[in-house]
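Everything below concerns the one structure shown next.
The values are calculated or read from the model by the stated rules, or taken from the named source; none is laboratory data. Values in this document were obtained by computation on a predicted structure and should not be read as measured data. Here the Cβ is made from the backbone with ideal geometry for all residues, glycine too, and neighbour counts use every protein chain on show. The accessibility values were calculated without ligands, DNA or RNA, using every heavy atom of the protein model including side chains. Shrake-Rupley method; radii C 1.70, N 1.55, O 1.52, S 1.80 Å.
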Amino acid sequence: MERTMIGETPGLIGQVVKLQGWVNIRRDHGKLIFIDLRDRSGKIQMVIIPDKEEAHKAAKEIRGEYIIEVEGLVKARPGGAKNEKLPTGGVEIEVEKLNIISKPEVELPIDVSTEDLNLNLDTLLDNRTIALRNDKIKSIFRIYSELLRSYAEVMNQAGFTEIKTPKILNAATEGGANFFKIKYFEQDAFLAQSPQFYKQAMAGVFERVFEIGPLFRAEPHFTTRHVNEFIGLDGEMAFVDSFEDVMAQLEKIMILVMASIAKNCQADLEKYEAQILPVEKIPRMKLTEALDILDKEYGKKMEEVDIDAEGERMICDWVKKNHNCDFVFLTHYPTSIRPFYSMPSADPQYTETFDLLFMGVEIASGGQRIHDYNQLVASMQKHKLNPEDFKHYLDIFKYGIPPHGGWGLGSERIVQKILGLGSIKEAILFPRDVKRLTP
Ligand code: AMO
């Protein structure tokens, strides 16, 4: 007999089916044994009556997280679907045969059958492969999967070619000190902080490219929004008139991605009581305007033209109140705090760059890039970088490239914020932080 998925059972009343999955929980009522079984499509109640002697004997042995196979009759459940939120709440399985496929050797350290695990972050991450079996936690990664899927889909539709670029590099891409240096045979190498150079090079080949890939930052921070390995959703596009074109494109992408998640992950979002506000237009303001708002409305003064995590939260709060939007673009960051490849504005103290904030946190940075060879060499020198170290990158410009720009989006922060998770690490299967290299 072929395997049936639990989600299909409501349409199969009166038929005998074979199911395989995990035992969520077993409950005994007198001689009747009830088992909640789950597979990738859902969860269902099964009943084992004493008359089915062999199945009943096997069922008595069963505990939570046993992996079993059953054959049984799909029956309309007394009381119907109204007691249960599950789509399968209206049916149950009267088990005829039951086999144990695999079972835990030892007692599980945590009970994953409860709705909320209520564990502290370290316990949750230390027992990751087990905790991930919990329904509510699995929802995080179904939403994450939809984010990746829909990002790729909308980027393809917008004419972007998907690329994969190397993560072991001969130079640090983003400057600063937050790179990992590794031993690479006889020489030193760096783990990619971003696909910046390669995506720019490929914008000069395919016009529009995107990459979904791992990025590494040696940030010694213990915050709720930093990890040392994350997945970037990068985009780069050629023939832009200004960085406004880049923002307009990213705005379209975010509108479509958020709509996809809202549409395709309803049940998963509900578990977190998360609501996705439809996006139509993302407000834009200069960083200096944002700083004025912080000063006037929140009494917060920044010493330099820059914004910190608290300021980002406040600006998002202000935008939400005044524009009913969870997103905002802050633009024109000072040259001194942007990477050397950023296109300067007419006033060269500032750059044609932006950050995209979402529900209180920066989720993307981007802008127009310098595409003129001599201007780029001069900018490197200003940033105290040695052009000799960037020979291959500079070749892109030496041989000519159209005006271009792009963005880097942090995928995990998006999911963290949609679901209101306390830490970005909850949105990563196996997060890497300053102290954590396992599991
Ligand atoms: P930036 O350094 O701002 O820009 O990174 C882009 C986005 O990546 C995410 N991010 C992180 N997420 C989790 N943990 C971290 N430690 C971390 N660091 C960054 C954030 C951030 O907005 N090359 C440019 C992008 C570009 O201009 O195209 C860059 O890397 O969501």
> Just going by the charge dipole of the chain, with Lys and Arg at +1 and Asp and Glu at -1 on Cβ, which of 121, 17, 250 is farthest out on the positive end?
Replying inline: 17
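Given the -39500 (n - 2.57) contribution per DSSP H run of 4+ residues, what per-residue ellipticity at 222 nm results for the chain, rounded to the nearest 500 deg cm²/dmol?
Per the formula, -9500 deg cm²/dmol.
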> Quick one: if you stick a label point 7 Å off each Cα along the C-beta vector at residue 106 and residue 123, how many nm between them?
Replying inline: 1.7 nm
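Just the number, please: carbon plus sulfur as a percent of the accessible area of the chain, 1.4 Å probe, no ligands or DNA/RNA counted.
Here it works out to 51 percent.
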>> As I understand it, the value is the acute angle between the Cα axis of helix 135-157 and the longest principal axis of the Cα atoms of the chain; what does it come to in degrees, rounded to 10?
In response: 50 degrees
> Tell me, in nm to one decimal, what length is gained between residue 153 and residue 373 on full extension, where the rule is 0.36 nm per residue of separation less the Cα-Cα distance?
Replying inline: 75.8 nm
>> Nothing charged except the Cβ atoms of Lys and Arg (+1) and of Asp and Glu (-1): what's the magnitude of the dipole of segment 309-439 about its Cα centre? Round to the nearest 20 debye.
In response: 280 debye
>> If packing is taken as the average count of other Cβ atoms within 10 Å, what order do 405-411, 356-362 fall into, highest mean first?
In response: 405-411, 356-362
> Roughly what % of Cα-Cα distances in segment 222-350 sit above 27 Å, to the whole percent?
Replying inline: 30 percent
> What order do you get for 145-152, 246-253, 221-228 when each peptide is scored by the mean count of other beta carbon atoms within 10 Å, highest first?
Replying inline: 246-253, 145-152, 221-228
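Pulled fully out, how much extra length does the chain show between residue 305 and residue 28, if you take 0.36 nm times their separation in residues and subtract their Cα-Cα distance?
Gain in length upon complete extension: 93.2 nm.
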>> Compute the angle between helix 196-206 and the longest alpha-carbon principal axis of the chain, please, reported from 0 to 90 degrees and rounded to the nearest 10.
In response: 90 degrees
> Residues with amide H under 5 Å of residue 325's amide H, sequence separation 5 or more or different chain, H placed in the peptide plane at 1.01 Å from N; which?
Replying inline: 320
> When the Cα centres of segment 33-76 and segment 255-325 are compared, how far apart do they sit, in Å?
Replying inline: 47 Å
> Based on the Cα atoms of the chain, what semi-axes does the equivalent ellipsoid have, where each is the square root of 5 times one gyration tensor eigenvalue, given in whole Å with the largest first?
Replying inline: 50, 23, 20
> Rg and Dmax of segment 315-439 over Cα atoms: what are they, in angstrom?
Replying inline: 18.1, 49
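Looking at the chain, send over the antiparallel percent of its DSSP beta bridges, to the nearest 5. Kindly include the intermediate steps, with their values, before the conclusion.
Numbers: 72 of 81 bridges.
Once the DSSP bridges in the chain are tallied, antiparallel ones form about 90 percent.
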> Over segment 6-102, what is the percentage of antiparallel beta bridges among all DSSP beta bridges, to the nearest 5?
Replying inline: 90 percent
> Under unit Cβ charges (Lys, Arg +1; Asp, Glu -1), what dipole magnitude, rounded to 20 debye, does segment 4-85 have relative to its Cα centre?
Replying inline: 320 debye
>> Please compute the per residue accessible area over the chain with all protein chains in place, 1.4 Å probe, rounded to a whole number of Å².
In response: 49 Å²
>> What number results when the radius of gyration of segment 6-102, computed over Cα atoms, is divided by 2.2 N^0.38 Å?
In response: 0.96
> Where is the GNM fluctuation largest for the chain (alpha-carbon springs, 10 angstrom cutoff): 111, 234, 28?
Replying inline: 28
> Against the longest principal axis of the chain, how steep is helix 373-382, in degrees 0 to 90 to the nearest 10, with axes from Cα atoms?
Replying inline: 90 degrees
